[in-house]
Amino acid sequence: MRSLVVALMACASLAWSPGLRAQGPPGADAHDAYARGTAAFRRGDYAAAAREYAAADSLAPNPVALQAAIDATVLADDPVFGTTLLDRARGEPRTDALLSTMLTAERKFAHRVGRIRLQCPAGPCLGAIDGAAAVAGESIVVRVGSHAVTLEA
């Protein structure tokens, strides 16, 4: 009996070890990111909340997390990240609440963002927009205004 108790205690300690706990059940990381987003939202850090909610949605796509991320970008007044999230939402199943949030964000961010797409007529090229690497052929969302664009082919 004593060896059974020792074996059970050893198994329990292994189950709670950091290496095994990190793997956790599927969606645990998304749940943690969502919880961090909620904590940030409650303290008024809407930019951090948007990032965490978006991370939760990336880990386990969910219209509630995506809606929360878009709502937070509206409150944070971040049209670039908000437009990126709107692009993501357009390709996903949407609830009525998510659609309503999308319309609100689109109205708020309208005419405040644009897109830049670098094109190279001859293969491989490197590009940057405002010092950040940009992949040729991909559309990059930017605020309306002047930008430094470099392209090396």
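The values are calculated or read from the model by the stated rules, or taken from the named source; none is laboratory data. As the structure is a prediction and not an experimental result, all values here were calculated from the model. When we count neighbours, we look across all protein chains shown, and the Cβ atoms used for this are built from the backbone with ideal geometry, even at glycine. Calculation scope for accessible area: heavy atoms of the full protein, side chains included, ligands and nucleic acids excluded. Shrake-Rupley method; radii C 1.70, N 1.55, O 1.52, S 1.80 Å.
If the condition is being of a type in the set (G, A, S) and either under 22 Å from L85 (Cβ atoms) or loosely packed, with under 14 Cβ neighbours inside 10 Å (or both), then the range 120-153 contributes A122, G123, G131, A132, A133, A134, G137, S139, G145, S146, A148, A153. Would you confirm, using the coordinates I've provided, whether T83 is over 16 Å from Y53 (Cα atoms), polar (S, T, N, Q) and either in a strand (DSSP E or B) or touching a helix residue (DSSP H, G or I) at 6+ places or on another chain (Cβ under 7 Å) (or both)? The answer is no for T83. What's the total number of residues in the range 41-63 that are surrounded by fewer than 22 Cβ atoms within 10 Å (Cβ to Cβ), touching a residue at least 24 places away in the same chain (Cβ under 8 Å) and more than 19 Å from V141 (Cα to Cα)? Number of matching residues: 7. Count, please, the residues in the range 105-119 that happen to be closer than 19 Å to T84 by Cα and open to solvent by 60 Å² or more (accessible area, probe 1.4 Å). Qualifying residue count, the range 105-119: 7.
Looking at the structure I just gave you, is E138 farther than 23 Å from A39 by Cα and in contact with a helix residue (DSSP H, G or I) (Cβ under 8 Å, 6 or more places away or on another chain)? Spelling it out, it is not the case that E138 is farther than 23 Å from A39 by Cα and in contact with a helix residue (DSSP H, G or I) (Cβ under 8 Å, 6 or more places away or on another chain). Among the residues making up the range 85-117, those that are of a type in the set (A, V, I, L, M) and closer than 16 Å to A68 by Cα are L85, L86, A89, A97, L98, L99, M102, L103, A105. Within the set R94, R88, the sole residue that is in a loop (DSSP other than H, G, I, E, B), modelled with pLDDT under 95 and surrounded by 14 or more Cβ atoms within 10 Å (Cβ to Cβ) turns out to be R94.
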